[in-house]
Amino acid sequence: MVYRFTLGHQNYLFDDLKALMAKASPHRSGDVLAGIAAKNNVERIAAQYALSELPLKTFLKEAVVPYESDEVTRLIIDTHDAKSFERISHLTVGELRDFFLEDTTNGNTILELSRALTPEMVAAVSKLMRNQDLIVVSSKIELVTRFRNTLGLKGNVSIRLQPNHPTDDLKGILASTIDGLLYGCGDAVIGINPATDSPEVTINLLKMLEDLRLKFEIPTQSCVLCHVTTAMQIMKKAPVDLVFQSITGSEKANSSFGINLNLLSEAHQATLELDRGTIGNQCMYFETGQGSALSANAHHGVDQQTMEARAYAVARHYDPLLVNSVVGFIGPEYLYDGKQIIRAGLEDHFCAKVVGLPMGMDVCYTNHANADQDDMDNLLTLLGVAGCNFFMGVPGTDDIMLNYQSTSFHDALYIRKVLQKKPAPEFESWLIKMGIIDGDGVKLDVRGSHKLLTNL
């Protein structure tokens with residue numbers, strides 16, 4: 001279906017829904033690279049006006065990626081909550097935005113509708129929103145998950161301790177892990193990106209983290225972020241808490257990662273059967289990122305932010321403990337500078353929360369992007385205000401294995417201090433017991449005699 005809008009004396013035509021969505025998107029380098037971005041701001045505004053008047057029902061009639069050829073589209077449509085949708089079926093995209101922003105619309109109300117909203121609907125709404133709109137709506141939503149601790153409570157912000165090493169050296173990873181714990185990091189997960197996908201290396205890393213956890217009775221979970229097939233292969237040989245997988249928003253793009261929905265379902269069931277959680281059994285961890293489908297030549301002419309939102313339908317299907325976008329990791333070809341990275345991070349967090357995901361964020365950039373640590377400070381702070389569930393804790397912000405810049409252990413102290421937020425409650429109690437923080441959450445002066453340093 002062709003969509004049109006007249007702005008001034010100029011008529012603007014958009015060939016189909018995905019073209020309208022792409023033209024309405026805030027400017028970003030990935031959509032320019034794909035040849036689908038608005039030619040100028042006037043065309044972008046015309047598209048946004050046209051999108052604002054679009055009935056939500058349109059998204060159930062016109063798929064941006066064909067139903068017949070894409071299992072992600074089939075998942076979105078086949079799991080859509082038609083009964084709940086009746087409450088909002090009369091609304092346009094613009095009216096849904098207004099509904100989200102009303103003071104009387106709280107987080108519970110939004111979550112009650114999360115299964116009635118397709119990712120494309122939510123992505124469309126985000127294109128009509130200012131940054132502050134994205135922040136205020138996201139901040140309303142509390143999404144709590146549990147494995148060995150409780151993540152996502154409104155007064156908390158958690159940290160993934162990311163002690164990567166370029167050669168997977170056990171001593172180097174252990175040293176970084178201890179360092180991070182002494183800064184109060186690690187309640188989201190102690191998560192290692194291995195340098196290789198070797199089953200033997202993965203087993204050794206998991207055993208080391210398990211030994212550390214048991215010795216000091218740390219109320220958290222560990223994960224080696226290997227491919228899902230590797231995790232399934234080693235489950236009988238290693239202490240696997242969480243299964244990780246990078247995902248994206250089309251079947252073709254997921255195929256380039258070596259996965260499909262059946263494989264994810266198999267992994268989810270196998271991990272559930274391990275039953276390693278103590279207070280919950282949400283055992284999946286997913287990462288996403290704008291531009292991944294385009295980089296795999298599998299975006300189907302859909303703008304990268306809408307394609308990113310479609311990945312959240314995949315994640316949601318498996319009731320994950322953790323989800324995060326690696327927002328600036330893929331590079332400046334997709335998000336050119338700090339402004340684009342900040343906007344994308346706020347969009348991703350908003351869309352994920354609205355569709356019902358416990359969203360965290362890897363606030364990051366690559367060394368060749370037109371961005372710096374001040375941009376990351378800004379995004380970290382904005383996402384903290386928006387109620388982001390967790391961030392990364394990387395030694396010195398510089399991941400020496402993945403060669404990108406993220407947030408540090410010190411950034412964890414900063415965001416908790418300025419926003420008066422705490423770690424996960426079980427982890428906070430452990431930090432106090434271990435003499436790492438006091439009852440007010442203040443980091444204590446830890447000396448070489450601390451038991452984490454002397455009792456290894």
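The values are calculated or read from the model by the stated rules, or taken from the named source; none is laboratory data. The shown structure was predicted, so the numbers you read here are calculated from the model rather than taken from an experiment. Here the Cβ positions follow ideal geometry from the backbone for every residue, glycine too, while neighbour counts run over all protein chains shown.
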Are there strands (runs of 3 or more DSSP E) fully within the range 160-251 with at least 1 residues that are over 25 Å from the mean Cα position of the chain (by Cα)? List them. none
Can you list residue pairs whose Cβ atoms sit under 7 Å apart, with the first residue in the range 352-371 being of a type in the set (D, E, K, R) and the second being surrounded by 24 or more Cβ atoms within 10 Å (Cβ to Cβ) and assigned to a strand (DSSP E or B)? Count only pairs 6 or more apart in sequence or on different chains. LYS353/MET359; ASP362/ASN324; ASP362/SER325; ASP362/MET392
Would you be able to say whether some residue in the range 192-215 is closer than 19 Å to THR145 by Cβ, surrounded by 15 or more Cβ atoms within 10 Å (Cβ to Cβ) and in contact (Cβ under 8 Å) with a residue 24 or more places away in the chain? no
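Counting only residues that are at pLDDT 95 or above and either on the phi > 0 side of the Ramachandran plot or in contact with a Cys (Cβ under 7 Å, 6 or more places away or on another chain) (or both), give me the helices (runs of 4 or more DSSP H) lying completely in the range 89-148 with at least 3 of them. Explain how you work it out, then say what you get.
Details: elements: 93-101, 107-112, 119-126, 131-140.
Those helices (runs of 4 or more DSSP H) span 119-126.
This table checks each residue for (1) out of contact with any strand residue (DSSP E or B) (no Cβ under 8 Å at 6 or more places or on another chain); (2) surrounded by 24 or more Cβ atoms within 10 Å (Cβ to Cβ); (3) within 29 Å of VAL144 (Cβ to Cβ); (4) not assigned by TED's automatic domain parsing to the domain that holds GLU120.
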| residue | (1), (2), (3), (4) |
| --- | --- |
| SER265 | yes, no, yes, yes |
| LEU274 | yes, no, yes, yes |
| THR278 | yes, no, yes, yes |
| SER292 | no, yes, yes, yes |
| HIS299 | yes, yes, no, yes |
| ARG310 | yes, yes, yes, yes |
Is there a residue in the range 29-37 that is farther than 19 Å from ALA296 by Cβ, touching a Phe, Trp or Tyr at 6+ places or on another chain (Cβ under 7 Å), buried (at least 20 other Cβ atoms within 10 Å of the Cβ) and assigned by TED's automatic domain parsing to the domain that holds LEU113? no
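Among the candidates VAL323, VAL327, which residue alone is of a type in the set (Val, Ile, Thr), closer than 27 Å to ARG74 by Cβ, assigned by TED's automatic domain parsing to the domain that holds LYS237 and crowded, with 22+ Cβ neighbours inside 10 Å? Break it down stepwise before answering.
Values: VAL327 fails: closer than 27 Å to ARG74 by Cβ.
Answer to the check: VAL323.
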(1) surrounded by fewer than 16 Cβ atoms within 10 Å (Cβ to Cβ); (2) at pLDDT 95 or above all hold for ASN254 apart from (1)
Restricting attention to the range 4-17, does a residue exist that is within 19 Å of ALA293 (Cβ to Cβ), surrounded by fewer than 20 Cβ atoms within 10 Å (Cβ to Cβ) and not polar (S, T, N, Q)? yes
Whether any residue in the range 423-444 is in contact (Cβ under 8 Å) with a residue 12 or more places away in the chain, in contact with a Phe, Trp or Tyr (Cβ under 6 Å, 6 or more places away or on another chain) and assigned to a strand (DSSP E or B) is what I want to check. no
Name the single residue that is farthest from ASP168 (Cα to Cα) among those in the range 366-410 being part of a strand (DSSP E or B) and polar (S, T, N, Q). ASN370
